[in-house]
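Peer 1: Starting off with a structure, shown below.
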Amino acid sequence: DAKTTQPTSMDCAEGRAANLPCNHSTISGNEYVYWYRQIHSQGPQYIIHGLKNNETNEMASLIITEDRKSSTLILPHATLRDTAVYYCIVRVHNAGNMLTFGGGTRLMVKP
Amino acid sequence: EAQVTQNPRYLITVTGKKLTVTCSQNMNHEYMSWYRQDPGLGLRQIYYSMNVEVTDKGDVPEGYKVSRKEKRNFPLILESPSPNQTSLYFCASSFNDRVYGYTFGSGTRLTVV
């Protein structure tokens, strides 16, 4: 699986958009970008994933650059409950069931 | 409600006393997996299963066993727990991750003294 690089921490004002970047410059053509988050020692929660097109669901939007070497997770209107560690993971679908979590970005949403 | 259920949530045990952490999912998922989480080391995969009677090692399988006799259950067995297995454990399942990603349980905090 391609290695990912994320900032260690970020702050965001409540009600504003939170934009979380992820670099994955060694991504290969059949690897997807996944985002999960973990709220203080709870089980990680799946957010969204994509291959090359931008994706949106009820939780977030995922913007993947045209060269696929980086992506951005967007939480359109961050709330205090979005304070969590966000993990960007790059992997092949059904790749032996392996999910490799890196260090993630600790997002702090402030009032 | 669709969920992954782990039991117990908290457990304190002594070195060498065999224990089992149960994991059950009600979503008919094929894939199940166990992770441990330690400060500074993040989430690391212990074992995974792609279907009934099919299991394989993850990154840190030493000291653990698993079984997958039926689709819904994937217990984690510590035959002789040691203090370095003190950790927060998560079970996860997925039908396949083409659509929905993995659903994680609430975690089991294990302390081995």
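Every read-out reported here was derived from the displayed coordinates using simple, explicitly stated rules and does not represent laboratory data. Quick caveat: nothing in here was measured; it's all calculated off a predicted structure. Note: ideal-geometry Cβ built from the backbone for every residue, glycine included; neighbour counts use all protein chains shown.
Peer 1: Quick check on my link table: of A:Lys3/A:Lys69; B:Lys18/B:Lys65; B:Lys18/B:Lys71, which ones sit more than 20 Å apart, alpha carbon to alpha carbon? Mind dumping the intermediate values first?
Peer 2: Details: A:Lys3/A:Lys69 11 Å; B:Lys18/B:Lys65 11 Å; B:Lys18/B:Lys71 24 Å.
Over 20 Å apart, Cα to Cα: B:Lys18/B:Lys71.
Peer 1: Taking 0.36 nm per intervening residue step and subtracting the Cα-Cα distance, what contour gain separates A:Met10 from A:Thr79 on full extension? Before the final figure, lay out each step's value.
Peer 2: Numbers: separation 69, 0.36 × 69 = 24.84 nm, distance 1.41 nm.
My answer for the length gained is 23.4 nm.
Peer 1: Now for a separate question. Using a 10 Å cut-off on Cβ atoms, rank the peptides A:42-48, A:71-77, B:32-38 from the highest mean neighbour count down.
Peer 2: Order by mean packing, descending: B:32-38, A:42-48, A:71-77.
Peer 1: Something else: Expected output is a single nm value to one decimal: the length gained when fully extending between A:Glu58 and A:Ile39, i.e. 0.36 nm times separation in residues minus the C-alpha distance. What is it? The partial results should precede the final answer.
Peer 2: Numbers: separation 19, 0.36 × 19 = 6.84 nm, distance 1.79 nm.
Additional length available on full extension: 5.0 nm.
Peer 1: Same structure again: Give me the one-decimal nm value for the distance between modelled label points at B:Glu70 and B:Thr5, 7 Å along each residue's Cα-to-Cβ direction.
Peer 2: Going from the B:Glu70 label point to the B:Thr5 one covers 1.2 nm.
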